[in-house]
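Structure first, then comments.
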Amino acid sequence: MNGLQHLAQYLFCMDEGEAVGQDKIEKVKSAVDKLPASDNILISKRYGIEQDRPYTLKELAAIFGTDREWVRKKEARILRTLRRELKG
């Protein structure tokens, strides 16, 4: 499963085994593309979107020069933003 599929499952509150339709994946991609650059980079790396793998909180903290808790909170804020965007 690629990063966009995994993120779409999470954002649409789908079970792990449920298939994600291409329309939902496209909506998620569009919403991620609308994020500010730093948010886009963080969420793309965290979920492995157009990456070779998903990054851990620790790895992202090192990239952003902060701690894991900051990355976790930022990720939660971005996910809330994406959910609002997808509901609208």
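Nothing in this text is a laboratory measurement; each read-out follows from the coordinates by a stated rule. Note that this is a predicted model, so its numbers are computed, not measured. For neighbour counting, all protein chains shown are included, and Cβ atoms are generated from backbone atoms with ideal geometry for every residue, glycine included.
Select from E16, E59, E50 the residue whose mean-square fluctuation is largest in a Gaussian network model of the chain (Cα-Cα springs shorter than 10 Å).
E16
How high is the relative contact order of the chain? Use alpha-carbon pairs under 8 Å, at least six apart in sequence, and give a whole percent.
On the way: 75 pairs, mean separation 25.5, N = 88.
Normalised by residue count, the contact order of the chain is 29 percent.
Evaluate the distance, in nm, between pseudo-label points positioned 7 Å from the Cα of K29 and of K87 along their respective Cα→Cβ axes.
2.6
When the helices in the chain are scored as -39500 (n - 2.57) per DSSP H run of 4 or longer and the sum is shared across all residues, what 222 nm value do you end up with, to the nearest 500 deg cm²/dmol?
Details: 5 runs with 60 residues, N = 88.
For the chain, the value works out to -21000 deg cm²/dmol.
Across the chain, how many lysine pairs separated by 8 or more positions, or lying on different chains, have Cα atoms within less than 15 Å?
Within the chain, the lysine pair count is 9.
Semi-axes of the equivalent ellipsoid for the stretch 3-87, please: Cα gyration tensor eigenvalues, times 5, square-rooted, ordered largest first, whole Å.
After diagonalising the Cα gyration tensor, the semi-axes are 22, 13, 12 Å.
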